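Enquirer: One structure, pasted below without further comment.
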Amino acid sequence: MPDTLAANLETVRQTIARCAERAGRDPAAITLVAVTKTLPAARIREAIGLGLKTFGENRVQEALPKIEVIGTADASWHLIGHLQTNKVKFIEGRFAMVQSIDRVAVVEALDRRLGSPLEILIEVNVAEEPQKTGALPADLTTIAEAAQAARHLQLRGLMTVAPMVSDPEQVRPVFRRLRALRDETSQRLATPLPVLSMGMTEDYPVAVEEGATMLRLGRALFGPR
Ligand SMILES: *Cc1c(COP(=O)(O)O)cnc(C)c1O
C-alpha cells in the first residue's frame, strides 16, 4: 500500500521536527534509517521513490539478495544486527556502515578482511539485559581502542537497542547513558564520535530529545511486520 508508507513517512518527519525543536536541535542533523528486515525489495524501491536513502538490515544473509537487486547507488545499507565473524567477508562493497560491532573478535576479523575504509558503530547493551547482544558498558573502552587501532575501521559513534517498555519515558535514562558513554569514549580516544544511533518505532521521540543522530525505524514506516 504505497499511500501508507508516504503518510507514515510524513508523520515520522513531523514528529522528528517537533521533538527536535523542543530540544533545540536541527532536525536535518538526524538521519532516518529505514529498517527493512522481512520486507521484499519492492517495498525498498518504493521507499527509495519517496526519498529514503539509508536502509537497515539485521541479518547479512537476508540482506545480500536485496543489496544484489537494488544495488548501492541509490541505497546506503547499514547492518544493524549481530555480525558473526564467518560473515565478515560479505560486508565490503555492500554495507556502508556496521552499527552492531560488539566485541574485539569481530573488530579484528572485519579489519583483516577489509581492503577499504568502513564506518562502524559500537553497539552497547546499556541496560545490561542478559538476552541481548551488544557490548557491556564495562567492555566499551577495550572495543573502542581496538577499533581505533584497526586499519580500515572508522569508529563514528555508538548504537543501542533500548529495553522494551510500555512507557517510552522509561528508556530516557538509557539514551542519556549512551550519550554519556559516547562523550567519555570520545574524550578517552581524543576523537570525535558524532553518531548516536538510538530510537526505534516505540521510543524515537524520546531518542530525538536525548540527542539521537540516527533513528532506526521499521514499523513506524512500513507498518506491522
Ligand atoms: C528491527 C530493528 C529496528 C526497528 O524496529 P521497529 O520497532 O520496527 O522500529 C531497529 N533496530 C534494530 C537493531 C532492529 O533489529
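Enquirer: Considering only segment 174-186, state which residues are under 16 Å from A147 (Cβ atoms) and not β-branched (V, I, T).
Expert: Correct list: L181, R182, E184, S186.
Enquirer: State all residues of segment 181-199 that are without any contact (Cβ under 8 Å) to a residue 40 or more places away in the chain and open to solvent by 40 Å² or more (accessible area, probe 1.4 Å); if no residue qualifies, say none.
Expert: Those that are without any contact (Cβ under 8 Å) to a residue 40 or more places away in the chain and open to solvent by 40 Å² or more (accessible area, probe 1.4 Å): D183, E184, Q187, A190, P192, P194.
Enquirer: Also, quick follow-up: For E145, all conditions in the list (1) touching a residue at least 40 places away in the same chain (Cβ under 8 Å); (2) buried (at least 17 other Cβ atoms within 10 Å of the Cβ); (3) assigned to a helix (DSSP H, G or I) hold save one; what is the number of the exception?
Expert: Going through the list (1) touching a residue at least 40 places away in the same chain (Cβ under 8 Å); (2) buried (at least 17 other Cβ atoms within 10 Å of the Cβ); (3) assigned to a helix (DSSP H, G or I), E145 breaks only (2).
Enquirer: Which condition number does A162 fail, the rest of (1) at pLDDT 95 or above; (2) open to solvent by 30 Å² or more (accessible area, probe 1.4 Å); (3) in contact with a helix residue (DSSP H, G or I) (Cβ under 8 Å, 6 or more places away or on another chain) being met?
Expert: (2)
Enquirer: I'm trying to understand the selection: among the residues of segment 2-39, which are in contact with a Leu (Cβ under 8 Å, 6 or more places away or on another chain) and not in a helix (DSSP H, G or I)?
Expert: Across segment 2-39, the qualifying residues are I30, T31, L32, V33, A34, V35.
Enquirer: Surrounded by 15 or more Cβ atoms within 10 Å (Cβ to Cβ), touching a helix residue (DSSP H, G or I) at 6+ places or on another chain (Cβ under 7 Å) and at pLDDT 95 or above, is that true of I16?
Expert: Working: surrounded by 15 or more Cβ atoms within 10 Å (Cβ to Cβ): yes; touching a helix residue (DSSP H, G or I) at 6+ places or on another chain (Cβ under 7 Å): yes; at pLDDT 95 or above: yes.
Yes: the conditions hold for I16.
Enquirer: Suppose we filter segment 204-225 for residues that are within 9 Å of the ligand (Cβ to nearest atom), open to solvent by less than 20 Å² (accessible area, probe 1.4 Å) and in a loop (DSSP other than H, G, I, E, B); how many remain?
Expert: Counting residues in segment 204-225 that are within 9 Å of the ligand (Cβ to nearest atom), open to solvent by less than 20 Å² (accessible area, probe 1.4 Å) and in a loop (DSSP other than H, G, I, E, B) gives 1.
The values are calculated or read from the model by the stated rules, or taken from the named source; none is laboratory data. If you're wondering where the values come from, they're calculated on a predicted model, not measured in any experiment. Don't worry about glycine lacking a Cβ; one is built from the backbone with ideal geometry, like all the others, and counts go over all protein chains shown. The protein model used for the area step is the full one, side chains on, heavy atoms only, and it has no ligands, DNA or RNA in it. Shrake-Rupley method; radii C 1.70, N 1.55, O 1.52, S 1.80 Å.
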